[in-house]
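The values are calculated or read from the model by the stated rules, or taken from the named source; none is laboratory data. Since the structure is predicted, the reported quantities are computational estimates derived from the model, not experimental observations. Every residue, glycine among them, receives a Cβ derived from its backbone with ideal geometry; neighbour counts consider all protein chains shown.
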Amino acid sequence: MITRFQNRIDPAINGFTLIELIIAISVSVIVVGFMVMFITVPVDNYIAQSRRAQLSTEADIIQRIMDNDIRNAVPNTVRWGINGSNVILEMLNTVDVAIYRDFGSTSPQSAIDELTFAPVAPDANFSTLGKFKSGAAVSCLATFRLVISPDQSSATTDVYAGGQVVTAPANTLNCNPDPTFNKTNVTITPGFQFKTPSPGKHVFVISAATSAIAYVCNLNTRTLTRFSGYPIALGLAANRNAAATNHVVSTNIEDCQFPNTPGTSLRPDLVSVYIKLKQILPPPAPPTTDFYTLFFQSSLDYSP
């Protein structure tokens, strides 16, 4: 008797069918895709925020540097203009400042103390109320010049034009502190005839050789450069004196504007600074452009 055994396979131990395998792979791809999306989106956002934070930090540095220079400028010496592809903001740095004695002083030495103005003959002696901040020795160096009530409305009152508001290169200064009367006696040799009294009775000290400061926005090279330590010149120029110290403040400049309002007897100069920054990621990164607009206003520490 022949017995036949028939092999039977238990369905419970069967493997995946091809259709089941395809479905499993498809679901896995979808799940991985969602995981990648959930991971890459936050990472991309973080990278974008980091780029914008860099622009924000750069704008903050620009504001701090420019605000410090503007606040310390001599009143009515801030000017701006456009020269080709360059937008220029220029000013004269205040080395020192004091309040002068004018006509009507009750000092027992009023003949020496009072500073007279045009059309009176040139004055060679006057004194200050209190002392210069930096001390007489610092404020009366041979290369320093005195400025009183500058105004860019005419050549005779414009410091840059060598008007009748700033002592000439031929004038030398001598300062002698007087601790008894808490003042500083100033001698100008030869005497100088200042044109107009200062509303605030301020006399400013500048260095004719190094007081000029300029910020130049080159829209072609997209740079903002600070120039300092160069002589006073009549016109605005993008290329400063070769002896000037220059420092590149930003390499992401898109646009610049520096409108300003001259100071009066009631308020100091007000300078508005508008700078647009643009950052473009270089290859091989995906082409991405970020913008940041900086706008602030600075008023000078001193009124005319």
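Please list, ordered by residue number, the strands (runs of 3 or more DSSP E) wholly in the range 126-238 having 1 or more residues that are among the hydroxyl-bearing types (Ser, Thr, Tyr). Where strands (runs of 3 or more DSSP E) fall fully within the range 126-238 and carry at least 1 residues being among the hydroxyl-bearing types (Ser, Thr, Tyr), they are 172-178, 183-192, 202-207, 212-218, 223-230.
Please verify whether ILE275 is among the β-branched types (Val, Ile, Thr), modelled with pLDDT of 95 or more, buried (at least 19 other Cβ atoms within 10 Å of the Cβ) and assigned to a strand (DSSP E or B), treating the condition exactly as stated. Considered against the rule, which asks whether it is among the β-branched types (Val, Ile, Thr), modelled with pLDDT of 95 or more, buried (at least 19 other Cβ atoms within 10 Å of the Cβ) and assigned to a strand (DSSP E or B), ILE275 comes out as yes.
The set of residues in the range 102-128 being under 17 Å from PRO179 (Cβ atoms) and either surrounded by fewer than 17 Cβ atoms within 10 Å (Cβ to Cβ) or at pLDDT 85 or above (or both) consists of SER107, PRO108, GLN109, ILE112, SER127, THR128. Pull up the range 179-219, narrow it to residues that are under 27 Å from the mean Cα position of the chain (by Cα) and among the small types (Gly, Ala, Ser), then point me to the one that is surrounded by the most Cβ atoms within 10 Å (Cβ to Cβ). Applying the filter and picking the extreme gives SER211. Residue count for the range 46-82 satisfying the condition of being in a loop (DSSP other than H, G, I, E, B) and surrounded by fewer than 18 Cβ atoms within 10 Å (Cβ to Cβ): 1. Of everything listed in (1) within 30 Å of PRO199 (Cβ to Cβ); (2) modelled with pLDDT of 95 or more, the single unmet condition for CYS256 is (1).
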